[in-house]
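To start, the structure itself, in structure tokens.
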2 protein chains.
Amino acid sequence: GGGWVGGGVGLRGFAAARVAGQRQAEAKLLELPAPESLRSFHEMFASEPHIAGTAGDMRVIAGLEAQFRAMGLEVETHWFWPYLSLPPGDGKAAEVSIVSPEVVELPVAEPPVEGDPFSSRPGLPVGFNAYAAPGDVTAGVVYANYGTKADFEELVRMGVDVRGTIVLARYGGNFRGYKSLFAEQFGAAGVIIFTDPEDSGYAKGLMYPEGGFATPRQLQMGSILVLPYPGDPLTPNYEATEDAPRLDPSAVGLPKIPVQPVGWSAAEKILSRMKGAAVPEGWQGGLPFTYRVEGGPELKVRLVVRQDRGIHKTANVVATLRGSKFPEQKVIVGAHHDAWSYGAGDPLAGTILVLESARSFAELAKQGWRPERTIQFAAWGAEEFGIIGSVEYVERYREDLRDHGVAYINLDMATMGSKFWAAAHPPLARTIIDVTRLVPAIRPDPGTRSPKPTPPGWTVYQDWLSRAGRESKAPTVGNLGGGSDHVGFYFHAGVPSAAMGSSGGRGTSYHSNYDNLHWYRAVVGDDYLPAQMNTRIVNLTVARLANADVVPLDPAAYPPALRGMLDELEKRAGELGGATAKPDFGAVRRAIDGLEASADRYNAALERATAEGGADAGALASASALLRDGERAWLAPGGLPGRAWYRHQFMANDEDSGYAAWSLPEVRLNIERRNADQLARSVARLAEVLGRVGERIDAAAAVLRGEGAGGGAVGK
Amino acid sequence: GGGWVGGGVGLRGFAAARVAGQRQAEAKLLELPAPESLRSFHEMFASEPHIAGTAGDMRVIAGLEAQFRAMGLEVETHWFWPYLSLPPGDGKAAEVSIVSPEVVELPVAEPPVEGDPFSSRPGLPVGFNAYAAPGDVTAGVVYANYGTKADFEELVRMGVDVRGTIVLARYGGNFRGYKSLFAEQFGAAGVIIFTDPEDSGYAKGLMYPEGGFATPRQLQMGSILVLPYPGDPLTPNYEATEDAPRLDPSAVGLPKIPVQPVGWSAAEKILSRMKGAAVPEGWQGGLPFTYRVEGGPELKVRLVVRQDRGIHKTANVVATLRGSKFPEQKVIVGAHHDAWSYGAGDPLAGTILVLESARSFAELAKQGWRPERTIQFAAWGAEEFGIIGSVEYVERYREDLRDHGVAYINLDMATMGSKFWAAAHPPLARTIIDVTRLVPAIRPDPGTRSPKPTPPGWTVYQDWLSRAGRESKAPTVGNLGGGSDHVGFYFHAGVPSAAMGSSGGRGTSYHSNYDNLHWYRAVVGDDYLPAQMNTRIVNLTVARLANADVVPLDPAAYPPALRGMLDELEKRAGELGGATAKPDFGAVRRAIDGLEASADRYNAALERATAEGGADAGALASASALLRDGERAWLAPGGLPGRAWYRHQFMANDEDSGYAAWSLPEVRLNIERRNADQLARSVARLAEVLGRVGERIDAAAAVLRGEGAGGGAVGK
């Protein structure tokens, strides 16, 4: 890459004359985030359960509007009408019991925990998996480990027939929707998903409230929707307005069998009564007996699930700070606001950063500083049901985002400890890394065994780097997979996206009623220093994206990322064997070499153009637009094969587990399918895309060098 | 290596004219081993507990003598008088109890198991760790994971003081003697070693008697002797005859604190009452609560151990089939005969192979076939207390073994399943691999989940290879570490050694009263096909070693083995860092290249010399002697640094855990100590040794080519 001597702290993309002003603003953006303010936002929105579509949800929406307005920001409340699935209000969402050889009622709700006042509030949600089919089944049981595709295939190899049975699967290894989908596909009558102590309970660490790990009756709620598109299930590709044309629910692939989450105290009663052969290697969990695959003929379990599917009203709340120079260009920071219960961790540990960052920029605006581009602070609705709010928003503003979306930063559940992490579209990574050099690292997480005190003067950068491999020269930035609100911006609209946050708190209350302020403060801390640290990083990242003369997307990040991806794909192809065992990536590798040369030329041109006496503002703006435009070259107009809503050819979520990232997804798919013809075609297409991305970078470099080039094309 | 076309089945080292005769003998040696005979030996010696020095031991010795004599073999009963440590005969070996905050007596004996008549016999040994110091201590507790050196160091880092406490350590990760040694060195008052269900119990598979894994009260007996030499603790380097001069026991580093094994049902009662911080990563076991490091001030445990140390009489029983041509040269096959209880698995699952192999060769001798070299079949005494019998034997016959020992094959606990394995001094590996091509593979192990039937016509070679890495071209042969009777032959006398056997039985009764015929037949099988398979492999291996014109030690095995070892050492050095982070192995690598050239020349010469019209018998015998003599070049006259009894510079057991192998041990030691000066010296010494090994190989090649060379030197 280009010679940014002194590394990350340089203000990449800023004309020399604007550096001092930016540094001044950044100093304030470091200073403004305050633990007391973060704490107060947290208390405001974590005070009651607020599942999308409920009264609590409405109160949160109103509260968000009020907070953003009080900051002096423009507020858009974007109402939408998604198809949700909710248990009846009578608290009788489910019944699980053993009916033979003896009758044993099993708990489906979480009991109060000593010292945690939130856990004893009346009317807390009883465990449910949204979109589970209502039903009442009594059947024998089969244990399917994590319920991955490989696990169900292993059951077939073992000669175990899951047809007509109730499948017990433990949480972990994939998105829960795939557990129930595979169970349904293999013919199961119902699914019980349990939290195993090996994965989340006593085997991980001390249980709540002494520690932060799952208790015997703690359970994980969550949606089980799996469709070839995220967002509202009835309005793919279109906004779910009140009167939008909708698909018939029966025509959508919604779950057809009852599915229910339980804690391990319930699962233990079933598992310990199973008979016959022991589980294969890797299937044993943390309960104190040998797990078995089959329940045997005598053991019968009854599963009753009650849920009502229907259209509900909810909203995204989006606050805007208009840009002074390029108001149409948008940098967006978001996190959802809906939760399965109190949501102190998920999502509010991220949402409060959106609020505090908004407060920081609003305060700065009051002091007379405005960004050149527009910044938007978004709190999305109904994320938990299927990333609905943000996707409806993207579907509403698709063209505007495609043309003017500079970057999207997602902050779902972003502050769960002291250890900073980030996942990003590669050209964004450098800016994030750069700003962590300016933010102080904080104290270790509570409950850390023999914590090493943070060295004086350490920055987040140093702390983050210290956790990378011994020989790493940079902190590790991951790839963005599925599972949260960046999905619409990144995979559908092609807006370069990132997620960031911090982890390390010793425990989990994910999707449980214990995910409340009492748990959060015991596990993550009650000083809000991690949230302050993260808001500082968000503030600086956003300020650079919103204010640089040339958007700081570094194309030099592509070649190493792409080469690593090809190496991984070759490895995967070799493992799978068959006709595509040795893919020919020659054309792509040559295109990457070309892209690397383009990126080098671009960075050299950028350095000269932003130095004193460099290019004029118009040239910088043109280069910036070309660079942004180049990002859209990744979008496949017809979408990815078999899932047209996903259009990004650099990255998608995987197709079998839901959370993981699939790099170069079309190539990956054809390797997974071992389809040599299609693979060759997708490799050729990828090489073309790389060529188009490189052309825009070359054009941007030419503009920076004052070689004219298409101002007209750029205006788009 | 040389061109042994067709690979392993070729009769390496046999003159062309002798091949047909050897093949005929081998056909019989494949045919003779019989399941009924193996079963009958098993019943004969597994009928009662026979701890060394007890009445049962004496009956086993007499029985072994009788069996070997009945076969028509010469029998030597080699009596020796080791210093042993035994619990009193009253069954009151130990008491373990919680005394505060409440009194709870904990079990130290194994209860009868339903359907297992052996488990209910009166007078079975109560759990004890031989050489534990008698004592009666009451103290607080600390949990030390596996009690490795790293674990105790981690406790120090955590600020946990083990001084004056009773340490709880779980079995696994090292030789139990190191658990108690480190505990003692760190100041503990006593040690309780328990079997954790994660390592050996329900988390591994179904428990005995439904499956084969450890029950809640099953415990592991065993010696905790750790000295810089194996064998009798009072007579290092010398045979423990009745009137040998002996060290004063107080001058020997015997354990000074009480140590006791228990099952997890006892450990659970203590562990579940501990207080305070949770254990670090990797320390959690399989009991259903979070393990903690400290017991806290209220929890007190009492540990009472009673043992009497003293000199006892026991014996090795060695049967000899005299060689027809080179009677002074010896191929030795051995396994110990003493056990902690019935010993159906340890050692008899190997000892019966020694007996059956002896019966095979004796039968063949009756039919007129005799090996050219002498074959000895040995059943060693008092192995369990510290590899005593075989070491005393080696110390008695040290010079003879050094001059005439061709190879030693160890068969401790050798038949624990259907999956063949081997560990060997590299030049021996090829012969073992070769013969497995002639032995049929057998059925899968009992209790295997969805077993794949063994393909018709499959050999052990194919089965073994199928378990190596996907791209492996040969089965994996391991390195020989510590822990059994090869130690004296290999590490002290320099006799090339191997161990072999088969594993795969789903369970463990190691060092427990459940290691009896009932357990063995349930877990390994009652058809004795695995034992028959192994005896066939032993027979052919021994027949080739005993009868080849040139002993089949393949020097071409050294270079790849040595290079792999250096790579490992470089990796380890890099991990440890410091002054020896980047060792300079140039001299050794050059010596290996030289050795490789020597081995290639030797193999080419051997092929020509053993072809029709090749070298005469005298030249082959001279080459054979030179090759054997070359093996002794590995012996350091002054022994290894700090443990002079160990003299082999190619291999030793490790110094911190007892069971693992340390390749190139002097180099390894200096890397572990990060002593750059000593490392440079040990590297230079190793290069010299390799030069000397290579010289003998060159000399052997010269003899084979008819270039004369020192017949005189060879006669030694």
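Would you say residue B:587 is within 30 Å of the chain's Cα centre (by Cα) and modelled with pLDDT of 95 or more? Taking the combined requirement at face value, the residue does not satisfy it. In segment B:183-209, the residue that is surrounded by the fewest Cβ atoms within 10 Å (Cβ to Cβ) out of those that are within 11 Å of chain A (Cβ to nearest Cβ) and not acidic (Asp, Glu) is B:206. Of all the residues in segment B:129-158, those that are among the hydroxyl-bearing types (Ser, Thr, Tyr) and either assigned to a strand (DSSP E or B) or within 14 Å of chain A (Cβ to nearest Cβ) (or both) number 2.
In segment A:660-716, of all residues being of a type in the set (Lys, Arg), in a loop (DSSP other than H, G, I, E, B) and within 30 Å of residue A:487 (Cβ to Cβ), the one that is modelled with the lowest pLDDT corresponds to A:716. Residues of segment A:39-80 that are part of a loop (DSSP other than H, G, I, E, B) and touching a strand residue (DSSP E or B) at 6+ places or on another chain (Cβ under 6 Å): A:52, A:53, A:73.
Scanning for something within 14 Å of chain A (Cβ to nearest Cβ) and free of Cβ contacts under 8 Å to residues at least 24 places away in the same chain, does segment B:430-449 turn up at least one residue? Scanning segment B:430-449 turns up at least one residue that is within 14 Å of chain A (Cβ to nearest Cβ) and free of Cβ contacts under 8 Å to residues at least 24 places away in the same chain. Of all the numbered requirements in (1) among the charged types (D, E, K, R); (2) closer than 17 Å to residue A:486 by Cα; (3) open to solvent by 60 Å² or more (accessible area, probe 1.4 Å), residue A:419 misses one, and that requirement is (2).
Please count how many residues of segment A:106-124 are closer than 13 Å to residue A:511 by Cα and touching an Asp or Glu at 6+ places or on another chain (Cβ under 9 Å). The total comes to 1. Residues that are more than 8 Å from chain B (Cβ to nearest Cβ) and aromatic (Phe, Trp, Tyr) were ranked within segment A:274-300; the one that is surrounded by the most Cβ atoms within 10 Å (Cβ to Cβ) is A:291. Going by what's in this entry, would residue A:621 be described as over 30 Å from residue A:670 (Cβ atoms), assigned to a helix (DSSP H, G or I), in contact with a Leu (Cβ under 8 Å, 6 or more places away or on another chain) and at pLDDT 95 or above? The answer is no for residue A:621. When segment B:640-656 is filtered for residues that are in a loop (DSSP other than H, G, I, E, B), of a type in the set (Gly, Ala, Ser) and open to solvent by less than 20 Å² (accessible area, probe 1.4 Å), nothing remains. Given (1) more than 24 Å from residue B:84 (Cα to Cα); (2) touching a Pro at 6+ places or on another chain (Cβ under 8 Å); (3) away from chain A (no Cβ under 14 Å); (4) crowded, with 22+ Cβ neighbours inside 10 Å, where does residue B:264 come up short, assuming only one miss? So the condition that residue B:264 fails would be (3).
Residue count for segment A:423-462, restricted to those that are part of a loop (DSSP other than H, G, I, E, B) and β-branched (Val, Ile, Thr): 4. For segment B:454-470, residues that are more than 23 Å from residue B:425 (Cα to Cα) and within 14 Å of chain A (Cβ to nearest Cβ) total 1. Strands (runs of 3 or more DSSP E) fully within segment A:81-125 that include at least 2 residues being more than 26 Å from residue A:140 (Cβ to Cβ): A:83-86. Looking only at segment A:210-232, residues that are among the hydrophobic types (A, V, I, L, M, F, W, C), within 14 Å of chain B (Cβ to nearest Cβ) and open to solvent by 10 Å² or more (accessible area, probe 1.4 Å) come to 1 in all. Under the condition of being touching a Lys or Arg at 6+ places or on another chain (Cβ under 9 Å), farther than 30 Å from residue A:636 by Cβ and open to solvent by 10 Å² or more (accessible area, probe 1.4 Å), the residues counted in segment A:476-510 number 5. Residue by residue through segment A:519-550, note down the ones that are crowded, with 24+ Cβ neighbours inside 10 Å and not in a helix (DSSP H, G or I). Result: A:524, A:528, A:548, A:549, A:550.
Scan segment A:444-458 and tell me whether some residue there is under 25 Å from residue A:409 (Cα atoms) and of a type in the set (Val, Ile, Thr). Checking segment A:444-458: not a single residue is under 25 Å from residue A:409 (Cα atoms) and of a type in the set (Val, Ile, Thr). On the stretch given as segment B:159-182, residues that are open to solvent by 20 Å² or more (accessible area, probe 1.4 Å) and either within 14 Å of chain A (Cβ to nearest Cβ) or in contact with a Leu (Cβ under 7 Å, 6 or more places away or on another chain) (or both) total 2.
The values are calculated or read from the model by the stated rules, or taken from the named source; none is laboratory data. Predicted model, so just to flag it, every value in this text is computed and none were measured. Please note: Cβ atoms are built from the backbone with ideal geometry, for glycine as well, and neighbour counts cover all protein chains shown. With ligands, DNA and RNA removed, areas are computed over all heavy atoms of the protein, side chains included. Shrake-Rupley method; radii C 1.70, N 1.55, O 1.52, S 1.80 Å.
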